[in-house]
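Heads up: the structure comes next, in structure tokens.
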């Protein structure tokens with residue numbers, strides 16, 4: 001009895017992938033990895049913003065503790081301190097805040113603090129070296145620039161304007177137009 005064998009072409013026994021199949025797999029992997037990287041980037045921005053918001057609130061609480069003790073908030077420019085966060089530096093030195101808060105990488109390298117006082121006619125001024133001698137600071141503005149404009153805290157923040165500080169701007173330290181990114185609080 002003779003066995004009949006079918007001969008198969010060599011093409012059916014090929015075990016490799018075609019160039020088109022490889023390119024399709026590479027394209028799919030590229031799309032998936034770019035999606036993952038974009039979501040990781042957004043998560044990092046949200047995380048940094050959460051840290052900024054938490055620190056602003058903690059500094060605000062420390063300001064309230066200082067006020068309860070001294071019946072005044074720190075001046076914008078306490079003697080011996082400089083920078084946009086001079087009042088915060090002062091709080092650290094006098095023991096009302098544990099250590100100098102450093103914001104995560106972003107537009108601001110320090111928190112913006114301005115002591116405020118209200119004169120007898122009800123007008124608010126910056127409580128700094130130009131304030132009348134013996135003036136007690138009865139308010140403050142404290143803020144930081146966030147990375148994401150859709151953050152819900154931006155809808156309910158103070159939106160103060162004190163000199164170059166503008167709580168409704170794209171950056172706290174100026175009046176730059178654009179989406180509001182400045183998260184600011186007041187007492």
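Could you work out the helix-only [θ] at 222 nm for the chain, with each DSSP H run of four or more residues adding -39,500 (n - 2.57) and the total divided by the number of residues, to the nearest 500 deg cm²/dmol? Display every interim value, and only then the final one.
Numbers: 2 runs with 60 residues, N = 187.
Calculated at 222 nm, the ellipticity per residue is -11500 deg cm²/dmol.
If I take R0 = 35 Å and measure r between the Cβ atoms of residue 44 and residue 94 in this structure, what FRET efficiency does the formula 1/(1 + (r/R0)^6) give, to the nearest 0.05? Present the calculation step by step, with values, prior to reporting the outcome.
Details: r = 34 Å, r/R0 = 0.98.
For residue 44 and residue 94, the calculated efficiency is 0.55.
Top mean-square fluctuation among 154, 37, 91, Gaussian network model of the chain, C-alpha springs under 10 Å?
37
With contacts defined as alpha carbon pairs under 8 Å and 6 or more residues apart, what's the relative contact order of segment 48-185 in percent?
Values: 270 pairs, mean separation 29.6, N = 138.
Contact order relative to length: 21 percent.
When the chain is treated as a GNM, springs tying every alpha-carbon pair under 10 Å, which of 30, 106, 115 comes out with the largest mean-square fluctuation?
30
By how many nm would the segment from residue 57 to residue 27 lengthen if fully extended, with 0.36 nm per residue of separation less the alpha-carbon distance? Walk me through the numbers on the way to the answer.
On the way: separation 30, 0.36 × 30 = 10.80 nm, distance 4.55 nm.
Result: 6.3 nm gained on full extension.
Return the single residue from 104, 132, 74 with maximal mean-square fluctuation; model: Gaussian network over the chain, springs between Cα atoms under 10 Å.
Maximum among the listed residues: 132.
Report, as a whole number in µm² per second, the diffusion coefficient that Stokes-Einstein gives for the chain at 37 °C and 0.692 mPa s using the Kirkwood radius over alpha carbon pairs.
Result for D is 165 µm²/s.
Readers should treat all values here as calculations from the given coordinates under stated rules, not as data from a laboratory. From a predicted model like this one, the values you see are computed outputs, not experimental measurements. Neighbour counts are summed over all protein chains in view; Cβ atoms, including those assigned to glycine, are modelled from backbone coordinates with ideal geometry.
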